[in-house]
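Undergrad: Here it is: the structure, laid out below.
The values are calculated or read from the model by the stated rules, or taken from the named source; none is laboratory data. Given the structure is predicted, the values throughout are model-derived calculations rather than measurements. Cβ: placed from backbone, ideal geometry, glycine included. Neighbour counts: every protein chain shown.
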Amino acid sequence: MSKKILVLPGDGIGPEIMAQALKVLARLQRDFGLDIAIEHGLVGGVSYEAYGSPLTDETLLRARAADAVLLGAVGGTQWEALDISLRPEKGLLGLRSGLGLFANLRPAVLYPQLASASTLKPEVVSGLDIMIVRELTGGIYFGQPRGVRRLANGERQGFNTLVYSESEIERIGRVAFETAQKRGKRLCSVDKANVLECTELWREVMTSLAHDYPDVALTHMYVDNAAMQLVRAPKQFDVMVTTNMFGDILSDCASMLTGSIGMLPSASLNASGQGMYEPIHGSAPDIAGKGIANPIGTILSVAMMLKYSLGEPRLAGCIEQAVSTVLDQGLRTADIHTPDMRRVGTEEMGEAITAALG
Ligand code: NAD
């Protein structure tokens, strides 16, 4: 039976980059025997415009019924003044929590062809291959109570709550240990156990889980040190596991090691292997509509979808190889362009990768 994919292009550059991912999927369907049925839907600002909500119940139901969701990006300045419950980003958080997507896998891999596009010295980043496993449905982004309250003295006070239960830590820990088992067998758990009780518990649970994975070497690092080490000597890391907010920040930091935020895919998985796949960048309103966005992060998200939700690792490899071939050919979007290379737009990059599939 065909696997069902729900495609949600979203806002800003979302539709431009998604169009390229759809070209790749169409080619895999036509020439490589990929058996999928693609449905389309709205999320984010475009959904608010159409239905008055960034994520309708119907879209969430369709997402739940799909084997995988492929998402572009959401957000834009025109929706910033809306109440927080109606903002595009709420649609994304609604999908993550509504599908129970607790594990976010964010690889930061440097294609050797792009070593000179990184802001770090080539010898520091060449060969870089890190997997950041970020907890996605708990922590301070979801903890209650939260809000802004008025104190007795009339001053306003903002507050959020960092909260993790043992079971939440354990399930993300197991994903991280299993991921490390399939890679270099080294796992670094990142916390702030010296000042936050919640992450003291995080460290305790990770340490006790390590007994179940004797082949994986577990280390711990405080988040401030981890941020420093990521730019000082990033190749020391294999797999990193951390909380929702620390992972949000560290994975953006890691993305820049690879040359551009436009290069990186992500997978968000739930307990039954259903996943949502998206590039790690946002809707890039500053370049939307100009036809210059890099579609590679979205195309590599398709590869992750094939690997983690559709059971097609061979086709995932074809996509990764096609991206490498096109980079070898010297094609570069503006964000990864260097003077000796050929600058191309979003469409030309998408078409070249589709053609390079073989
Ligand atoms: P952003 O990731 O959209 O952009 C940051 C910078 O990177 C910009 O200069 C942008 O032009 C560039 N960039 C991003 N993707 C690119 C690509 N594919 N090719 C070339 N350059 C690219 O982050 P931001 O500017 O902080 O946020 C813009 C909007 O996106 C906001 O509304 C924010 O809330 C939203 N956002 C959405 C997501 C998501 O949908 N997952 C993630 C982050 C931010």
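Undergrad: With respect to Glu347, is the statement that it is within 16 Å of the ligand (Cβ to nearest atom), part of a helix (DSSP H, G or I), surrounded by fewer than 21 Cβ atoms within 10 Å (Cβ to Cβ) and modelled with pLDDT of 95 or more true? Break it down stepwise before answering.
TA: Working: within 16 Å of the ligand (Cβ to nearest atom): yes; part of a helix (DSSP H, G or I): yes; surrounded by fewer than 21 Cβ atoms within 10 Å (Cβ to Cβ): yes; modelled with pLDDT of 95 or more: yes.
Answer is yes for this residue.
Undergrad: Ok, one more. Identify the single condition in (1) within 13 Å of the ligand (Cβ to nearest atom); (2) over 15 Å from the mean Cα position of the chain (by Cα) that Arg106 does not satisfy, given that it satisfies every other one.
TA: (2)
Undergrad: Within region 69-103, track down each residue that is more than 13 Å from the chain's Cα centre (by Cα), of a type in the set (D, E, K, R) and within 12 Å of the ligand (Cβ to nearest atom).
TA: Within region 69-103, Glu80, Arg87, Glu89, Lys90 qualify.
Undergrad: Tell me which of these Gly282 doesn't satisfy, since it passes every other one: (1) over 13 Å from the mean Cα position of the chain (by Cα); (2) within 11 Å of the ligand (Cβ to nearest atom); (3) not hydroxyl-bearing (Ser, Thr, Tyr).
TA: (1)
Undergrad: State which residue is nearest to the ligand (Cβ to nearest atom) when the search covers only region 5-23 and only residues that are surrounded by fewer than 24 Cβ atoms within 10 Å (Cβ to Cβ) and among the hydrophobic types (A, V, I, L, M, F, W, C).
TA: It comes out as Ala19.
Undergrad: Report the residue count in region 192-218 for those that are farther than 22 Å from Phe102 by Cα and either aromatic (Phe, Trp, Tyr) or part of a strand (DSSP E or B) (or both).
TA: 1
For every residue, the table says whether it meets (1) in contact with a His (Cβ under 7 Å, 6 or more places away or on another chain); (2) in contact (Cβ under 8 Å) with a residue 24 or more places away in the chain; (3) farther than 20 Å from Gly311 by Cβ.
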residue	(1), (2), (3)
Asp35	no, yes, no
Gly44	no, yes, yes
Tyr51	no, no, yes
Thr59	no, yes, yes
Arg62	no, yes, yes
Ser97	no, yes, yes
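Undergrad: Answer yes or no: is there a residue in region 115-138 that is surrounded by 15 or more Cβ atoms within 10 Å (Cβ to Cβ), among the β-branched types (Val, Ile, Thr) and part of a loop (DSSP other than H, G, I, E, B).
TA: Checked against the condition, which is being surrounded by 15 or more Cβ atoms within 10 Å (Cβ to Cβ), among the β-branched types (Val, Ile, Thr) and part of a loop (DSSP other than H, G, I, E, B), region 115-138 yields at least one hit.
Undergrad: Ser272 versus (1) in contact (Cβ under 8 Å) with a residue 60 or more places away in the chain; (2) in the same structural domain as Lys90 (by TED's automatic domain parsing); (3) surrounded by fewer than 23 Cβ atoms within 10 Å (Cβ to Cβ): which is the lone unmet condition?
TA: Of everything listed in (1) in contact (Cβ under 8 Å) with a residue 60 or more places away in the chain; (2) in the same structural domain as Lys90 (by TED's automatic domain parsing); (3) surrounded by fewer than 23 Cβ atoms within 10 Å (Cβ to Cβ), Ser272 misses just condition (1).
Undergrad: Can I ask one more? Can you tell me how many residues within region 304-340 are within 16 Å of the ligand (Cβ to nearest atom) and at pLDDT 95 or above?
TA: Of region 304-340, the ones within 16 Å of the ligand (Cβ to nearest atom) are 304-305, 323, 326-327, 331-338.
Imposing the further condition that a residue be at pLDDT 95 or above reduces the set to 304-305, 323, 326-327, 331-334.
Residues meeting the conditions: 9.
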